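Here's the structure, in structure tokens; my notes come after.
Rule-based calculations on the coordinates, nothing more; no lab input. Owing to the predicted nature of the structure, the values given are computational and were not obtained by experimental measurement. Quick reminder, even Gly has a Cβ in these numbers, built from the backbone with ideal geometry, and neighbours come from all protein chains shown.
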Amino acid sequence: MRLSPTPALDPSLAGSLVLLHLAVVAGGFALLSSASVSASGLESVRCRLQGTPRPPVFSQDGDFVIGGVFSMHYYMHTVEHSYTSLPEPLQCTGRSLRFSRAMIFAVEEINNSSDLLPGITLGYQVHDSCASVPMAVKVAFQLANGLDPMFDTGEQCSGSTTVTAIVGESGSTPTISMLRITGPFGIPQVSHSSTCACLSDKKQYPTFFRTIPSDQFQAAALAHLIRHFGWTWIGAVRSDTDYGNNGMAAFLQAAQEEGICVEYSEAFSLTNPLSRVQRVADVIRSSTARVVVAFVSAWDMRILLREMERLPSPPRQWIGSESWVTDPNLLSFGLCAGAIGYGIQRSVIPGLRDFLLDLSPQKVSNSPLLTDEDIQQLQTPYTDTSQLRVTNMVYKAVYAIAHAIHSIVCEERENSTVYCDKNLNVKPTQRLRRVNFSRNGYQVSFDANGDPVATYELVNWQRRKSGKIEFVTVGRYDASLPPDQRLDIDREITWVKNSTQVPVSVCSESCPPGTRKAVQKGKPVCCYDCIQCAEGEINSSDCLICPEEYWPNAERDLCILKPVEFLSFHEVLGIILTACSVGGASLAIATATVFYHHRTSAIVRANNSELSFLLLFSLTLCFLCSLTFIGRPSEWSCMLRHTAFGITFVLCISCVLGKTIVVLMAFRATLPGSNVMKWFGPPQQRLTVVSFTFVQALICTLWLVLSPPFPIKNLTTYKEKIILECDVGSAIGFWAVLGYIGLLSLLCFVLAFLARKLPDNFNEAKFITFSMLIFCAVWITFIPAYVSSPGKLTVAVEIFAIITSSFGLFFLLFVPKCFTILFRPEKNTKKHLRDKTSNDIRY
């Protein structure tokens, strides 16, 4: 950072003073300016380095220099600042070399190849951030300023930066701190390991890119995984850092969208007091959730697992984030056996292992970091390249920067030769957005937020027979696919306690069929009681009422169509009624045949044969009209059944009424001076029948025109089934038809009752009286039975009334006559009829 010496402070430099203060805290590293007078008497600006620079761990000159910032040491010696003297240099402990060496390998591989940057040499400056914010800030200043103790310029310390781009940092929080410094200078930073979703904000971090997926994708993938296995009750722990807090926030939101409830969410950090870690461990031990999601860094996870091992704990199914679930240093913790989580895709980098081991004495002596180590004896994690995951992210970051530089300084000329100009000023930020290439079979590109396509391996910690725990890839997750295809599990998973059964982690068991969930007061929605559903409801997420034409199945978990019911020709009741109807019609036809065969006999001639035949015809129609009430209702059958019934019965009653009137008039005709029969001869009898029937036909016509009967689905009588029946349409029309039949029946009954003791051939008036009595009794009892009968029994009652009243008329009016005709022929004579009439008169 170079600051202007002008006495009056430029407002644009206010932010620079803030960075200067941060630089002092980080070790006093900044560039300040002082004025001096040259021999020519002109005032020049001298920029002087403030503080003690920390040389890079590895460096090499080149035409374009790439900075590298890695957590080679993972502990920093903490000191208290007195602010009365310059701060002591920062001191680090611990060691991790592979990322830095992988960057150097990629740079040398590019330099040794003529394909990407021919004629161009890439250099590098690799620094150690010590996994700390102060050191990362110091390194950021050094990469921006350079290491020269004095810098002469006429531009008020505003010289160009020393590096073209930066690879790193390893952690999200140090990366954010670095971006605050390097971002204003337009230095692009490509991270291999910073996964915080907050870094996708291009308004705050326009120069940030990464080759590792954002935690926003990982959070959604973890929620998808948990929902896939049916876990709705989980615990959550996180690192109290930008990585853990932002990652867990994204996960909790995704989990809520998936219907997952979190029993607890605890945060801790490596720097917290031990009591804080103990409290988190106690919460995990005492919880009811069997599944624990840990969005924790590897170092924080080590501290937590140590505390969990200290006291016995119920078995927990651990779900890990990529930062620790593929860390081989944690495989020694047996309580995590069976853990699953998403890891960065494994890869192969040809030649890397040989490069890692190829450290000559001269290379070792030139680096203080390597002088006290025998690299040849190291097995893990430095030389173990079987689990290359994040290392490949470093490799791809270097190649992404190289491709961006290529797109700026190189052009293709004739004969497909590539020319690169090393003297061009390179600002690769915009070109990095358009990078798209493949290396070692792995695609590299960035979206609008600087993020790559999110793909993960599903890693399972499986214990072998030897007792050793190993990483096993059991599936994959690809965020670019449709939601239902993103997770692909292709191998068997070993769960906690070496079980092959998926563990269950729910707050409340699933409600049995026919019940619904009732959330327990003060608890998450996943904790509920089961309450019985009302009739007609199924249990889903709640008791759902089935649509009116549907009804729950036996398990009460699905709405199915209600069975449709109507009086069918194929059921027992329908068959019986059909047989009675056809049988009655057959008897009426047979009787008409007998009457016709004996039409000249005394009984047939004496009982008004014309009305008898017409009555038999109407009875036949009465029996047959009941068939229209059987079968699936339709518009035509609904209109036909009631009108045919009304007209045929009126025709039948009109014939009986005519017979009754004939009896009465015949008696009056025997009185001296009576000439009444001339007014009620056959033409008048026909006119009477036609007139009465015409009135009923007129009523039926008006009914059909104004509001005819129509088929309906009766959904109210039975809740569990649909009754198909005919609605009468106009209730007035329906009851007018029945009322007219009842009126004629009552009139016929009264007249027959008055004529019951009159001399009559075979006492027909008495039989008419009894038949009308039965007829009226049937239809009077029909009304309450019809109204109260449910479903298809309503139709059966109506048919029963039709058949019963028809049989009543038939048996009383025709069976005695047929019996005499067929079995007592000696009584079928005029002499016998005259003698019987004379006896009746004397009586």
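For the modelled label position 7 Å from the Cα of Arg285 along Cα-to-Cβ, which residues of the range 221-264 have backbone nitrogen atoms closer than 20 Å?
235-238, 263-264
Cut-off is 10 Å between beta-carbons; in what order do Tyr550, Tyr596 appear when sorted fewest neighbours first?
Lowest to highest Cβ neighbour count: Tyr596, Tyr550.
Only Lys, Arg, Asp and Glu count, each charged at its Cβ (+1, +1, -1, -1), so figure out the dipole size of the range 515-561 about its Cα centre, rounded to 20 debye.
The calculated dipole for the range 515-561 is roughly 400 debye.
Assuming R0 = 35 Å, can you tell me the calculated FRET efficiency for the pair His597 and Arg632, based on Cβ-Cβ distance, to the nearest 0.05?
Efficiency computed from Cβ-Cβ geometry: 0.30.
Based on the mean of other Cβ atoms within 10 Å per residue, sort peptides 766-778, 439-451 so the most packed one is first.
Ranking the peptides 766-778, 439-451 by packing returns 766-778, 439-451.
Note the full-extension length gain between Ser275 and Ser313 as 0.36 nm times their separation in residues minus their Cα-Cα distance, in nm to one decimal.
11.9 nm
Counting only other residues whose beta carbon sits under 10 Å from that of Phe446, what net charge do I get with K and R as +1, D and E as -1?
Computed value for this residue: +1.
Using a simple spin-label model with points 7 Å from Cα along the Cα→Cβ vector, what separation in nm is obtained for Gln443 and Leu706?
So the two model labels end up 7.7 nm from each other.
Count neighbours as other Cβ atoms within 10 Å of each site's Cβ, and list the GluC sites (Glu not before Pro) in the range 427-536 that are DSSP loop with at most 16 such neighbours.
Those satisfying the criteria are Glu492, Glu509, Glu535.
For Glu492 and Ile783, compute 0.36 nm times the residue count separating them, minus their Cα-Cα distance, and round to one decimal in nm.
97.6 nm
Where a ≥ b ≥ c are the square roots of the eigenvalues of the C-alpha gyration tensor, would you call the range 225-313 rounded, which needs a/c under 1.5, or, failing that, prolate if a/b is larger than b/c, or oblate?
Values: a/c = 2.31, a/b = 1.39, b/c = 1.65.
Verdict is oblate for the range 225-313.
Using r as the Cβ-Cβ distance of Leu746 and Val564, and R0 as 35 Å, what FRET efficiency do you calculate, to the nearest 0.05?
Efficiency computed from Cβ-Cβ geometry: 0.35.
State, to one decimal in nm, how far the label point of Thr162 lies from the label point of Ser416, with both points 7 Å from Cα in the Cβ direction.
4.2
Which order results if Ile340, Ile545, Ile110 are arranged by neighbouring Cβ count within 10 Å, fewest first?
Result, fewest neighbours first: Ile545, Ile110, Ile340.
So between Thr716 and Ile531, what do we pick up on full extension, going 0.36 nm a residue minus the alpha carbon distance?
So the extension gain works out to 64.0 nm.
What are the residues whose amide H is under 5 Å from the amide H of Arg439, where those residues sit 5 or more places off or on another chain and H is modelled from the backbone?
Amide H to amide H, under 5 Å and 5 or more residues apart or across chains, Arg439 pairs with Val444.
I'm checking a number: the convex hull volume of the Cα atoms of the range 515-561, normalised per residue, in Å³. What is it?
Taking only Cα atoms, the range 515-561 has a hull volume of 66 Å³ per residue.
Quick check on my link table: of Lys468/Lys497; Lys396/Lys422; Lys138/Lys203; Lys465/Lys497; Lys659/Lys766, which ones sit more than 18 Å apart, alpha carbon to alpha carbon?
Distance filter (> 18 Å) returns Lys396/Lys422; Lys138/Lys203.
According to the square roots a ≥ b ≥ c of the eigenvalues of the Cα gyration tensor, what is the shape class of the range 460-610, taking rounded for a/c under 1.5, prolate for a/b larger than b/c otherwise, and oblate for the remainder?
Because a/c hits 1.5 or more and a/b exceeds b/c, the range 460-610 counts as prolate.
For Arg210, what charge total do you get from the other residues with a beta carbon under 15 Å from its beta carbon, if Lys and Arg give +1 and Asp and Glu give -1?
Numbers: positive: Lys202, Arg389, Lys396, Arg433; negative: Glu169, Asp201, Asp215, Asp242, Glu322, Asp447, Asp451.
Neighbourhood net charge equals -3.
Most exposed first by the Cβ proxy, i.e. fewest other Cβ within 10 Å, how do Thr429, Thr716, Thr175 rank?
Listing Thr429, Thr716, Thr175 from fewest to most nearby Cβ atoms yields Thr716, Thr429, Thr175.
With label points built 7 Å along Cα→Cβ from the Cα atoms of Gln501 and Lys468, find their separation and express it in nm.
Taking the simple label geometry, Gln501 and Lys468 are separated by 3.1 nm.
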